[in-house]
Amino acid sequence: MNQYFATVARGLETLVAQELEQLGASGVEPGFCGAAFEGDRNLLYRVNLWARLPFRILMKVDEFPCCDADELYRGIQKLDWSNYLTPDMTLAVNATGKSDRLNHTHFTALQVKNAIVDQQEDNFGERSNVELQQPDVRIGVHINRDVCTVSLDSSGNSLHRRGYRPAVGSAPLKESLAAALIQLSGWQPEQMFYDPLCGSGTLPLEASLKALNIAPGLFREGFGFETWLDFDSLLLEKLIAEARDSQRELLPAPIWGSDGDENAIALAMANAENCGVLDCVYFSQIELTDVFAPADTGVLFCNPPYGERLGKDTDLGAFYKKLGDILKQRFKGWTAFILSGNKELSQSIGLKSCQRIAVYNGTIPCQLMKYELY
Ligand SMILES: C[S@@+](CC[C@H](N)C(=O)[O-])C[C@H]1O[C@@H](n2cnc3c(N)ncnc32)[C@H](O)[C@@H]1O
């Protein structure tokens with residue numbers, strides 16, 4: 001049984017814990033910006049392939065008391081690194097956290113790297129090179145309250161980069177955040193889904209991946225664990241084949257996206273094609289003022305521009321008021337979820353929210369507001 005930690009955006013710890021349990025993890029414990037869990041290699045691969053919310057899955061390899069640079073060096077050298085990397089493999093070290101005497105993450109990472117390559121030099125007379133972008137083994141060290149936790153990053157590039165979205169519009173949502181918002185909303189695939197400000201299509205695409213039971217990891221070039229010494233390629237191939245077999249062909253209810261910008265719609269369609277759902281999801285160019293409810297009931301989702309990321313716009317207040325009016329007048333019977341990072345603008349919507357959920361969009365504190373439209 002290995003110990004793992006799934007890192008996630010702040011505020012989504014409980015949600016990711018639920019997701020991990022659904023994927024078969026045991027001993028799941030939400031922590032700061034992530035959740036710890038236990039399992040075998042099969043679970044590690046499954047979580048990397050199927051989890052929609054985490055950024056990275058770290059595998060813990062050691063934990064030891066560590067007050068200063070000398071203790072750090074000695075602790076790292078106690079591990080037999082030949083279990084994880086040979087001198088012909090590249091490495092990168094990422095340090096987080098700090099203590100009184102280890103308060104520069106760059107120095108901490110350097111000290112860990114030195115301890116590892118010095119051990120290799122002593123044992124083999126040669127050492128691994130550092131490769132920051134695509135290392136064979138990415139090592140994470142976290143310093144907290146004079147304890148050092150050492151992990152290997154099994155994911156490689158962050159899992160939110162699904163690989164289906166090389167094309168992004170302005171201020172796109174991270175795929176993992178879009179998936180989390182959909183999860184938080186309680187939307188079920190039997191309900192119609194519509195994003196009238198869809199940009200590059202992240203929300204409708206994540207909704208369709210969920211509704212069609214498509215594993216989000218299927219579009220990636222690879223995972224970090226594929227260059228580990230213990231990589232089991234047959235196991236990964238089996239899990240990928242099972243994932244492909246378990247996809248559904250048809251959506252139980254329509255998923256729509258529209259945007260006023262024709263370039264954004266072209267991007268959304270290119271992204272839909274990349275994840276094989278172009279035939280299922282409907283995208284069209286529609287100005288917000290021309291938007292209409294495509295069914296009597298459904299769930300409307302959007303993240304309108306809110307200044308921080310699209311530049312200051314004095315008309316944003318009027319835009320939010322218009323959005324509120326359109327929801328009120330044309331979407332009776334629907335439930336709407338709006339993500340906003342600006343309280344004043346949210347008030348301009350002029351509707352009473354029945355729920356507000358705090359989430360972070362990167363470093364921006366936001367709220368997901370829920371409106372029941374009668
Ligand atoms: C914050 S972005 C949405 C990003 C999107 N969720 C994604 O992940 O790519 C806001 C979107 O609102 C669209 N938009 C702004 N004003 C609009 C209008 N008047 N009518 C329709 N779309 C509009 C923009 O083109 C932009 O794509």
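Table for the structure above
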| quantity | calculated |
| --- | --- |
| Degrees separating the helix 41-50 axis from the principal Cα axis of the chain, which is the longest one | 30 |
| For the chain, calculated [θ]222 nm from helices alone, where every DSSP H run of n ≥ 4 adds -39500 (n - 2.57) | -9500 deg cm²/dmol |
| Inter-part distance where region 1-59 and region 178-224 are each reduced to a Cα centre, Å | 19 |
| Normalised contact order of region 101-242, rounded percent, pairs of Cα under 8 Å and 6 or more residues apart | 23 |
| Helix axis angle, 175-185 relative to the chain longest principal axis, alpha carbon, degrees | 60 |
| Calculated P(r) of region 2-153 - Cα pairs past 28 Å, % | 22 |
| Whole-number percent relative contact order across region 2-153, with pairs defined as alpha carbons under 8 Å at least 6 apart | 24 |
| Taking all pairs of distinct alpha-carbon atoms in the chain, Kirkwood radius in angstrom | 22.3 |
| Relative contact order (%) - the chain, alpha-carbon pairs under 8 angstrom, separation at least six | 14 |
| Mean Cβ count within 10 Å, highest first, over the residues of peptides 69-76, 89-96 | 89-96, 69-76 |
| Principal-axis tilt of helix 316-330 within the chain, Cα atoms, nearest 10 degrees | 60 |
| Gap separating the Cα centres of region 237-262 and region 127-174, nearest whole Å | 26 |
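Quick note: the coordinates plus some simple rules give every number you see, no bench work behind them. The structure displayed is predicted, hence computed values, not measured ones. Don't worry about glycine lacking a Cβ; one is built from the backbone with ideal geometry, like all the others, and counts go over all protein chains shown.
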